[in-house]
Amino acid sequence: MVTTEIADKIKRLEEKYAAMGQDLSSYLDGLLYADYLTYWDYIQLDVLLNLQHPRTPIPDENIFIIYHQITELYFKLTLQAIEQVCQAPELTADLFKTQLKRINNYFRNLINSFEIMVDGMDKQQFLQFRMALLPASGFQSGQFRKIEICSTGLVNLVYEPQREELKGKGLSEVLDRIYWRSGATELATGKKTLTLRQFEEKYMRDFLFLAERYQENNMQLRYKQLPPEVQEEVMPLLKEYDLNINVRWPLMHYKSAVRYLNRKPEDIAATGGTNWQQYLPPRHKRIVFFPEIWTAEELDNWGKLAFE
Ligand code: HEM
């Protein structure tokens, strides 16, 4: 028996398909024959579990691959949350706070789980399989760079001493000086590492496009556009965001580099070819997305352990 509720739904469906010039009856035929959805198809489980292709038979390489993949998925969620804040036609305090809380949760999870890298692989195994990965490096995480670009004015991603001379310059010139480019360039010769060259070839155009798209509405500007009383409400969450991405996560990450690459008297070279002891610590890098919400003293102490 067709109830009035079902009849009403059929009518609405008819209207929906008619509006697109489609015939409801054919779509109902489709429903008759369609399979039931399963969990494994819905989340593409077979594909997911087949996305690990170690370069060596060394068992712990799988941990390294899977943890990078987990991190990239959290980066994807972060970018989706940023997009919702930055592209919202009308940004409310609630929307901003909801998305900031989500991002902070993602990064809290990443920071808390980084022990999986720091202490979760056999050091000898790591040192063996890493040579098969040359010249790939997490340095080439395009999503991490995108999070940075969407978070703040591009000039804040240039090392501090070089910012002054970039005043009034276009985005493309600022992008040329973004901190990680000089990080992967040999000081003596000015030559770019292969890791950097390949990374630039794949992503530089995307980064410029993104920087243009977010020039007027990155997270920093979105915050500045809020009325003062709302800024105050949002500020603690924004501080967490800055600390999570620019201090806490980099410190945990640095800890893993120290565990595997620190060796007396000479450290082991990184696969990406940076001078990693200089390049990685947040107290050297001093990237801050929202300098206006920190005191001069806090900025002076940026990245120091006590600041954790
Ligand atoms: C044992 C674990 C790890 C070690 C020893 C390690 C080591 C390094 C080193 C030495 C660098 C400097 C670039 C280079 O010369 O290669 C670097 C950069 C980087 N790695 Fe890792 N890494 C590890 C895990 C991870 C994980 C799980 C991720 C997650 C995606 C990641 C993401 C990054 C990013 C985004 C950078 C660039 C950082 C920046 O530019 O400030 N790394 N890593």
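The table that follows gives values for the structure above.
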read-out: Neighbour cut-off at most 14 other Cβ (10 Å), DSSP loop, GluC sites (Glu not before Pro), region 189-288; value: E216, E266
read-out: Out-of-range pairs (alpha-carbon distance over 28 Å; input K169/K255; K97/K202; K9/K101; K146/K191; K202/K264); value: K169/K255; K97/K202; K9/K101; K202/K264
read-out: Chymotrypsin sites (Phe, Trp or Tyr not before Pro) within region 1-90: DSSP coil, no more than 13 neighbouring Cβ in 10 Å; value: Y36
read-out: Rounded if a/c under 1.5, otherwise prolate or oblate - region 153-223, Cα gyration tensor axes; value: oblate
read-out: Positive-end extreme of charge dipole, region 64-307 - chosen from Q84, W180, Y260 (charges on Cβ); value: Y260
read-out: Whole-percent carbon and sulfur share, accessible surface of the chain, 1.4 Å; value: 55
read-out: Per residue, in Å², the accessible surface of the chain once ligands and nucleic acids are set aside, probe 1.4 Å; value: 59
read-out: Rounded to 10°, Cα long-axis angle of helix 24-33 versus longest principal axis of the chain; value: 70
read-out: C-alpha long axis of helix 249-261 to longest principal axis of the chain, angle in °; value: 60
read-out: Within the chain, helix-based [θ] at 222 nm, where runs of 4 or more DSSP H residues each add -39,500 (n - 2.57), nearest 500; value: -17500 deg cm²/dmol
read-out: Selection of trypsin sites (Lys or Arg not before Pro), region 133-236, meeting DSSP coil and at most 16 other Cβ within 10 Å; value: R163, K167, K169, K191
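The values are calculated or read from the model by the stated rules, or taken from the named source; none is laboratory data. Being a predicted model, the structure only gives us computed values, none of them experimental. No Cβ is skipped: glycine too gets one built from the backbone with ideal geometry, and neighbour counts run over all protein chains shown. What goes into the accessible areas is simple: the full protein's heavy atoms, side chains included, and nothing from ligands, DNA or RNA. Shrake-Rupley method; radii C 1.70, N 1.55, O 1.52, S 1.80 Å.
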